[in-house]
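First up is the structure itself, then whatever we jot down about it.
The numbers here are math on the coordinates, done by the rules we state, and not lab data. Since the structure is predicted, the reported quantities are computational estimates derived from the model, not experimental observations. Neighbour counts are summed over all protein chains in view; Cβ atoms, including those assigned to glycine, are modelled from backbone coordinates with ideal geometry.
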Amino acid sequence: MDIHALLKEMSLEEKLAQMSQFLASMLSVDIEAEITGPNASMRLTGADIASTGSCLGGKTLAADVIKLQDKHLSEDPHKIPLLFMRDVIHGYRTIYPIPLGMGATWDEDLVTACCRMAAVESAVSGVQVTFSPMVDLVRDCRWGRNMESTGEDPWLNGRIGAAMVRGYQGEDLKDKHSIAACVKHFAAYGAVEAGRDYNTTDISEHSLREYYLPAYKAAIDADVRMVMTSFNALNGTPAAANKWLVTHILRDEWGFDGVVISDWSAFTEMITHGFAEDRKQAAEYAINAGNDIEMMSSCYLHNLAALIDEGRIGIEQVDAAVLRILQLKDDLGMFEDPYGGASSEEEAKYCLCDEHRALARTAAARSAVLLKNEGVLPFSRTAKRLALIGPFADCGMIGSWACNGTAEEAVSIAAGMKRALPDAEITVLQGCSADLAALPDEVLEAEAVRAAKVADHVLLCLGESATMSGEGNSRADVSLPEAQKQLIRRVVAANPNTAVVLFNGRPLALGDIIGEIPALFTAWHPGTEGGNAIADLVLGDVNFEGHLTMSFPYHVGQAPLYYNRMNTGRPKPSEESTQGYCSRYIDCPNRPLFPFGYGLSYTSFAFGKPTLDRTTMARGETLKASVTVKNTGMVAGSTPVQLYIRDCVASLVRPIRELKDYERVFLAPGEEKQVSFAVTEEMLAFHTADGSYRAEPGRFTLWLASDAESGDPITFEYSRERL
Ligand code: GLC
C-alpha cells in the first residue's frame, strides 16, 4: 500500500480518528442511530466511529472481529482496516504462568514458545497487536503489577522481554500467526512510590539509564513495533507528556520509529495530575511528547484541529503519527487482508488444543520454585490417602490479565492429583476462607485437622487469589492472612508430612511462618494446566527447575528489596552482627528470606570455585570464567548457573552484584560439567559520572553461583590500556 498517497487523500478528521482507540464494543454501534452510552460521554460522532483507527479489549472471537471489520470497511471513507489490540499477557485462551513465573523459568526459548502459542491463538481469534511484553523493573513487593513483570534485574528483564517479542512477532509480521508486540509501560512504572499503583516516580537520570530503561531498549532492539507510555508522573512530568522520554530517548537516541500508544485515558489524567489545564492542553502535551494513538479518551479527536488552527502544533506532527499507524497496518499485511489470521475454524482448532495445553503444563512446572523441603516432597506415588486443603485446592488458578482464559477451563490441584493418583483416596477441603481479612474458621479447621491426621500426605493450597494482585491491587501487608497461617500451624501439628503450595502474584513476606512449614513452593498463578503441573511436581514426575527473579522478604517493611543494591558506607557486617551504627533494622534481617536467583531441586548441586583464564583483561579483550557444577543428588536436575560481577571502585557507586549472564545446565545424578562464560567489556560498562557509557579501569569481583547470595568470589583487573 502506498501509505503516503493514502495519507494525502485523508481528511484531517480521518487522520485524527486513526490516532484514536476505543473499545470494540463502542465501535459495534449503528452510526446512523442516536449516539448513546460511552460514545456519547466521549462526544463521539458517527464519523468518528466510522474512521477510528484501532480498538481494544472485549472477549471478542474471530467471528466478532470479522463482523466488526466488515462493518468498519463499509463505513470508513478510505477503507482503512481497523486494528484489533488485546492484553495478551500470559496466553490468549490457553493460559500459561504469569510473567513473574515465566521469568522464574530462566529459559528464554520456553518463553518464546509460550508467546508464539499465544500469538497463534490470538491471531486466529482476530487479534493483531498485544500489549505485551511488560518489562517494568520491580523492586517493591507491595505493587500489584509485579505479577506482570519478570523481576528485579534489568538485564534479565530485557532478555526475557526480547524473547517475548520474538515469540509474538515471529520472523515475519505478515505471517498469519504473528501479532505485533507492544512494550510497556514506558517508563519506570514499576518504581511507583510505596508500591502503590499509579503513584509518582522520582528517579535520577543515572538510575533511569542504568536500571529502569535498559529492558525497554532491549525490546526495541528486538524490533518491537509499539511502545505504550505509562500512567506515572516521572520526575514531575506525566510519562505521556514527557518529551524527554518519548522523543529524546525513545525516538532520537534509540531510533524507535514505531507507534507510541497511551495507556487507558492517560491523556485526560494529565489534568488530574495537575499538569494540564484541560483536554486541549493535554492533547498539545501528548502530541508534542510523541504519542501517536490515544487510548480510550478523545483529547486528540476534539482538540488537535484547533491546535493546528492556532499554530500551537503543526499538521506535520499529525501526519507523522498517522503514517506510523498506517505503516504498522501495512507491515501486518492488513491492506491485503484486513482479517489477518481471523478464522472461526482455526480458532476452534488452536485454542486450548492438546499441544498448547501440553506446553502450558510444561511452563507451569518449570516456573514453580521450590523454596524449602525438609524431606516432605515428593509425595509417595503409593500413597493411599491424600488431603488437599485450602481455598485454592479445588479451582483453576489463572491469575490476573488472563485474556480469554477461564478458571473453569483450567485444571485445579484436586483434578490434577485425582488424575495422577486415580486409586488414592483424595480428600479436598477448603480449610479457611480465601479472603485477605478472613479470620480462622473453627469448623473448617477442625475438618481439615481430622483429614490431615489420617492422610499419608497433605498439600496446603494457599496464598493469593487472582484479584489480590494485578492492576490497582497493591497491598500494604504482603504476609499470609491470619486464617491461612493458623491453618498451617494446626495442619502441620496434625501431620508433619505436609507441604504448602503458594499461589501468588508477588513476593510474599513469609518470615513469620516459614519456620513452621516443612516444605514450600510457589506456583505463582500457573494457568490452564496448573493442577496437572503441580501434580507432576508433587509426585516427583517432574523436578523443580524454577529460580526466583524477585526477592522474597521476611517482612514487607524491607521493601523496596532487591539483590543489586548498593553497599552503603556502613553495611551490616553480617546478618548475625549486633553492631550498631550500621545500615540495619533492629527488628528484621536485612537480607531477603529467599534471594534473587534462588530455587531448590529434588537433587542437589555442588559448585566448585570459579577459575579465570587470566586475572587481567585489557580493552577489547574477553576473559574466560569457569566453574564446575556437580549433581550430588539422586535424581537428574537442572539449574541456571548465574554469572555476577561487581565493579569494586567506580566513578559512581555500583551494586554489590549484577547478573551478567547465565547458562542452564542439565545433569544426571553424579554428573559434573564445567560451565564457562566469556566476560566482555560490555558486561563491565555503565553510565559513568561523566555521562559516558563505558567500562572504567579497575578491580572487579566475579561469582558463578546458584543465586545472588551464594558462590565464591574471584577478582580480576580491567585495564583500558593494552597490557
Ligand atoms: C490498563 C493497563 C495497560 C493495558 C491497558 C489496556 O490500564 O495499564 O497495561 O494494556 O489498560 O487494557
Open item on the list: Can you tell me the orientation of helix 442-454 relative to the chain, as the angle in degrees between its alpha-carbon axis and the longest Cα principal axis, to the nearest 10?
Closed with: 50
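Based only on the alpha carbon positions, what is the Kirkwood hydrodynamic radius of region 555-617, in angstrom?
Details: mean 1/r = 0.0662 Å⁻¹.
Hydrodynamic radius (Kirkwood, Cα only) of region 555-617 equals 15.1 Å.
Which of the peptides 375-383, 530-538, 449-457 is most tightly packed, and how do the rest follow, going by the mean number of other Cβ atoms within 10 Å of each residue?
On the way: 375-383: 16.6, 530-538: 28.0, 449-457: 19.0.
Listed from highest to lowest mean packing, they are 530-538, 449-457, 375-383.
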Open item on the list: Which of Val492, Val124 has the fewest other C-beta atoms within 10 Å, and how do the rest follow up to the most?
Closed with: Val492, Val124
Task: Principal-axis tilt of helix 482-494 within the chain, Cα atoms, nearest 10 degrees - done: 30
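Suppose every Lys and Arg Cβ carries +1 and every Asp and Glu Cβ carries -1, with no other charges. What dipole size does the chain come out with about its Cα centre, to the nearest 20 debye? Display every interim value, and only then the final one.
On the way: 66 positive and 97 negative charges, 451 e Å.
For the chain, the charge dipole is close to 2160 debye.
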Open item on the list: Using each residue's phi in region 620-625, evaluate 6.51 cos²θ - 1.76 cosθ + 1.60 at θ = phi - 60° and report the 3J(HN,Hα) Karplus result to the nearest Hz, with x for Gly and Pro.
Closed with: x, 9, 10, 10, 9, 10
Task: Karplus-derived HN-Hα couplings along region 655-672 (A = 6.51, B = -1.76, C = 1.60, θ = phi - 60°), whole Hz, x at Gly and Pro - done: x, 5, 7, 9, 5, 10, 5, 7, 9, 7, 10, 10, 10, 6, x, x, 6, 10
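With the convex hull built on the Cα atoms of region 66-189, state its orientation-averaged projected area in nm².
Numbers: hull surface 33.9 nm².
Mean orientational projected area (region 66-189, Cα hull): 8.5 nm².
Is region 520-666 best put as rounded, prolate or oblate by its Cα gyration tensor, with a ≥ b ≥ c the root eigenvalues, rounded for a/c under 1.5, and otherwise prolate when a/b is larger than b/c, oblate when not?
Numbers: a/c = 2.17, a/b = 1.22, b/c = 1.78.
Note, shape of region 520-666 comes out oblate.
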Open item on the list: Quick check on packing: order 669-681, 132-144 by the mean number of other C-beta atoms within 10 Å, highest mean leading.
Closed with: 132-144, 669-681
TODO: Can you pull the one-decimal nm distance between simple spin-label points at Glu442 and Ala33, each 7 Å off the Cα toward Cβ?
DONE: 5.8
Task: Compactness of region 1-67, expressed as Rg and Dmax over alpha-carbon positions, Å - done: 13.1, 37
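Could you tell me how many cubic angstrom of Cα convex hull volume region 439-481 has per residue?
On the way: hull volume 4.0 nm³, N = 43.
Expressed per residue, the convex hull around the Cα atoms of region 439-481 is 94 Å³.
Please give the peptides 341-349, 390-398 ranked by average Cβ packing (other Cβ atoms within 10 Å per residue), highest first, as a rough proxy for protection.
Numbers: 341-349: 17.6, 390-398: 24.8.
Ranking, from highest mean packing down: 390-398, 341-349.
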Open item on the list: Once you place label points 7 Å from the Cα toward the Cβ at Ser574 and Ser41, how far apart are they in nm?
Closed with: 6.1
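How big is the charge dipole of region 439-517 about its Cα centre, in debye rounded to the nearest 20, if each Lys and Arg gets +1 on its Cβ and each Asp and Glu gets -1 on its Cβ? Walk me through the numbers before you get to the answer.
On the way: 7 positive and 11 negative charges, 35 e Å.
With Lys and Arg at +1 and Asp and Glu at -1, about 160 debye.
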Task: Value of Rg/Rh across region 610-723 [Cα atoms, Kirkwood radius] - done: 1.03
- [ ] Give the Debye-formula value of log10 I(q)/I(0) at each listed q (0.12, 0.16, 0.17 Å⁻¹), with one equal scatterer per alpha carbon of region 90-157, two decimals each.
- [x] -0.32, -0.55, -0.62
TODO: Pick out, from Tyr216, Asn232, Asn199, the residue whose Cα sits farthest towards the positive end of the charge dipole of region 192-234, with +1 on the Cβ of Lys and Arg and -1 on the Cβ of Asp and Glu.
DONE: Tyr216
Task: Anchor Lys217: lysines whose Cα lies under 26 Å away (excluding residues fewer than 8 positions away in-chain) - done: Lys174, Lys184, Lys243, Lys329, Lys660
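In µm²/s, what is D for the chain at 20 °C and 1.002 mPa s, where D = kT/(6 pi eta Rh) by Stokes-Einstein and Rh is the Kirkwood radius from Cα pairs? Kindly include the intermediate steps, with their values, before the conclusion.
Values: Rh = 26.8 Å.
It diffuses with D of about 80 µm²/s by this estimate.
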TODO: Could you go through region 502-511 in sequence order and give the Karplus-derived ³J(HN,Hα) for each residue, using 6.51 cos²θ - 1.76 cosθ + 1.60 with θ = phi - 60°, rounded to whole Hz, and x for Gly and Pro?
DONE: 9, 9, 8, x, 6, x, 9, 8, 10, x
Task: Residues listed by number, region 703-723, amide nitrogen under 12 Å from Lys609 label point at 7 Å toward C-beta - done: 712-715
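Suppose a student asked you for the relative contact order of the chain, using Cα pairs under 8 Å spaced at least 6 residues apart; what percent would you report? Let's see the in-between values first.
Working: 1789 pairs, mean separation 96.7, N = 723.
Answer for the chain is 13 percent.
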